[in-house]
Amino acid sequence: MQLYSLPLLIAAIFGFIWFLVSRLHRREILNSVQRNQLALLLGILLIWGLFVGYQSSVGRFNDEAFFNLLPGYWLPYVPVFIAVAMVSVLTPLREGLRLLIDETPAHWLSGIHMLRILALGTLIKASKDQFPQMFAWLVGGPDLLFGLSAVAVTLMVLAGKVKQRVLLVWHSIGVVVIVLPLAGLMHLFMTEPLFAALFQLPMVMAPALVVPTLVMLNMLVAWRLLERGVLDR
C-alpha cells in the first residue's frame, strides 16, 4: 500500500462498509440491533487503528523491546482476532454479516479490492531502497496482482460470466496471497535492514488495519459462499 494513501484508504474501506450497512438498514433488511453491532465492530477496529497509530507516533514501535516481541507474527492478526471473537459471541452481528454479504452486489464486493493495486507504492519505494525489498516483492507483489485481477473479475461479474464457485476460489486466493507469505516467510522479512519501516507511522496502518480488513472482506464472502453450499452444487 502506498505510504501517503493510507489515511484515504482507511476512510475509503470503512466508509464503503458503513455505506453497505446503512443501505441495508434503510431498506429494513438489517434491523437496528444488527446495524448497531456492525457499527460496534467497525468502531472497535478503528479504535485499534488509532491505538496503533498513537503508539507508533510516540516511538513505542522503534525500540528493541518492541521488536523482541516479534510483532510481524501477531500485529496483523489482532483485528482478525477481534472480529472473529465478536462474531463468535454476538448472534445479531453474525446474522448481520450474512445479510451484508447476501444483499450486496457481488461486483461491489470484488470491486473494493481494486484498492490493492496501491500496493504498487511499496514496490516503488523498495526499488528506491526506502522499504524492505523482500517484503515488498513477496507480499506487496501478489497483493498488487490480486488488485489487478479485481478489475477483471468485477467486469466479468457485471457481465454475468462468473460462477459462484469461481468467486469462492478468487476470494480465497485474496486471503492466501497475504497470509501465506506472512506466515511462512516472516522470519526472513524480520532480517531485512528496513523491516522497521513497516512499523513507522503512517505505514504501520497497512499491516495493522488496512490489509487485515481487506483480507477479512475476502474471508466473509468465502465463508458465506461455503455456508450457502456453493461446493455442493
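Kindly indicate whether L145 is touching a residue at least 12 places away in the same chain (Cβ under 8 Å), surrounded by fewer than 19 Cβ atoms within 10 Å (Cβ to Cβ) and over 21 Å from the mean Cα position of the chain (by Cα). Give the steps one after another, and end with the answer.
On the way: touching a residue at least 12 places away in the same chain (Cβ under 8 Å): yes; surrounded by fewer than 19 Cβ atoms within 10 Å (Cβ to Cβ): yes; over 21 Å from the mean Cα position of the chain (by Cα): no.
Spelling it out, it is not the case that L145 is touching a residue at least 12 places away in the same chain (Cβ under 8 Å), surrounded by fewer than 19 Cβ atoms within 10 Å (Cβ to Cβ) and over 21 Å from the mean Cα position of the chain (by Cα).
Is there a residue being in a helix (DSSP H, G or I), more than 22 Å from V175 (Cα to Cα), of a type in the set (F, W, Y) and modelled with pLDDT under 95 anywhere in the range 69-90?
First pass over the range 69-90, keeping only residues in a helix (DSSP H, G or I): 71-73, 75-89.
Narrowing the set further to residues that are more than 22 Å from V175 (Cα to Cα) leaves 89.
If we keep only those that are of a type in the set (F, W, Y) too, we end up with none.
There is no residue in the range 69-90 that is in a helix (DSSP H, G or I), more than 22 Å from V175 (Cα to Cα), of a type in the set (F, W, Y) and modelled with pLDDT under 95.
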Quiz item: If you check A136, A126, A65, which single one turns out to be at negative phi, touching a Ser or Thr at 6+ places or on another chain (Cβ under 8 Å), in a helix (DSSP H, G or I) and free of Cβ contacts under 8 Å to residues at least 24 places away in the same chain?
Solution: A136
Self-check item: Looking only at the range 56-76, and only at residues there that are surrounded by 17 or more Cβ atoms within 10 Å (Cβ to Cβ) and of a type outside the set (A, V, I, L, M, F, W, C), the one that is farthest from the chain's Cα centre (by Cα)
Solution: S56
Quiz prompt | Positions within the range 96-125 being under 21 Å from A183 (Cα atoms) and surrounded by fewer than 21 Cβ atoms within 10 Å (Cβ to Cβ), in sequence order | solution = L123
Quiz prompt | Residue selected from the range 182-207 under the condition in a helix (DSSP H, G or I) and under 15 Å from the mean Cα position of the chain (by Cα), by the criterion surrounded by the most Cβ atoms within 10 Å (Cβ to Cβ) | solution = A206
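The values are calculated or read from the model by the stated rules, or taken from the named source; none is laboratory data. For clarity, every value in this text was computed on a predicted model and none was experimentally measured. Don't worry about glycine lacking a Cβ; one is built from the backbone with ideal geometry, like all the others, and counts go over all protein chains shown.
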